[in-house]
Amino acid sequence: MRIGFASDYLGFERKEHLRARFARQGHVAEDFSTGNPDQPDHHSAADQLASAIYKNRIERGVLICSRPVGASVIANKQPGVRAALCHDANSACRGVEDDDMNLLVMGTSVVTDDLAWELASAFIRASYVPREQVFGIPPRRLARVIEHIRNNLDTPLAVSVLCGIAEMSQSHFSKLFKLSTGLTPHQFVLQERINRSKELLRHGHTKLVDVALGVGFENQAHFTTVFGNLVGMTPRQFQRAADDYFGAMYDVPLEVAVSQ
């Protein structure tokens, strides 16, 4: 495993001890402590280690410092980093198994060399089994994705961008998104675009080309085709019948599967 290590000046010797032991086990053990070589601080150590995780230079990180709470807060500001302060092996293990923790933080004044080794070993041995495989995308992540879609309907919404917001691989994200919403990401985006277009069409005299471009279609023809497939009438027919069909048409369900 590619493991990153960092410390402030008080945790330097303990960090070096740990790094050497993991290197002897065959792990790639890299030091990310920065700043003054004689007195590295917890802020720069946490920031550099978290950055290495975010950039995928390492898989897990171990940080030992005199201000572990502050270091955890700093590290967790980096997207994709899940840092936690642990002083017992069970927490270090469960943090990975339950919450996909990827950065272990320990306090210099609390852990001995032996305890630090015990905690770090439990942390490195543990594996994350995502509950999302059964239950779909966690609600907060899903909410972030949907909010981004609804706020950016007039722009291209590639799955590669959406999976980044959910902090998942593209294939994993697509499967879990359909499990959570009943639609593929592509189908969901089209549904949201058509729903937004209905709101615009109800305003009366909005030009169809402006509606099409405003909800992310490249041209009016494509918009008309998709709208007809999903709603059962053309945008113009919907616009003309808006008053009569307001209640019935607004929540028309998707009845036509849209291929990716």
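The values are calculated or read from the model by the stated rules, or taken from the named source; none is laboratory data. Please read all numbers here as calculations on a predicted model, not as lab measurements. As a convention, Cβ positions derive from the backbone with ideal geometry for all residues, glycine included, and neighbour counts pool all protein chains shown.
Close Cβ contacts (under 7 Å, 6 or more residues apart or on different chains) running from residues in region 156-167 that are among the polar types (S, T, N, Q) to residues that are part of a helix (DSSP H, G or I) comprise S160/Q170. Look at region 129-154: where a residue is at pLDDT 90 or above and a partner is surrounded by 13 or more Cβ atoms within 10 Å (Cβ to Cβ) and among the basic types (K, R), sitting 6+ places away or on another chain with Cβ atoms under 7 Å, you get L153/R193; L153/R196.
Applying the condition of being more than 19 Å from E167 (Cα to Cα) and of a type in the set (S, T, Y) to region 43-71 and asking which residue is nearest to the chain's Cα centre (by Cα) yields S44. Restricting attention to region 144-169, which residues are more than 11 Å from the chain's Cα centre (by Cα) and assigned to a helix (DSSP H, G or I)? Hits for region 144-169 are I146, E147, H148, I149, R150, N151, V159, S160. Checking each residue of region 90-109 against the condition of being in contact with a His (Cβ under 8 Å, 6 or more places away or on another chain) and more than 17 Å from I3 (Cα to Cα) gives at least one match.
Filtering region 205-253 to residues that are more than 33 Å from the chain's Cα centre (by Cα), modelled with pLDDT of 75 or more, closer than 18 Å to Q191 by Cβ and assigned to a helix (DSSP H, G or I) leaves T224, T225, G228, P235, F238.
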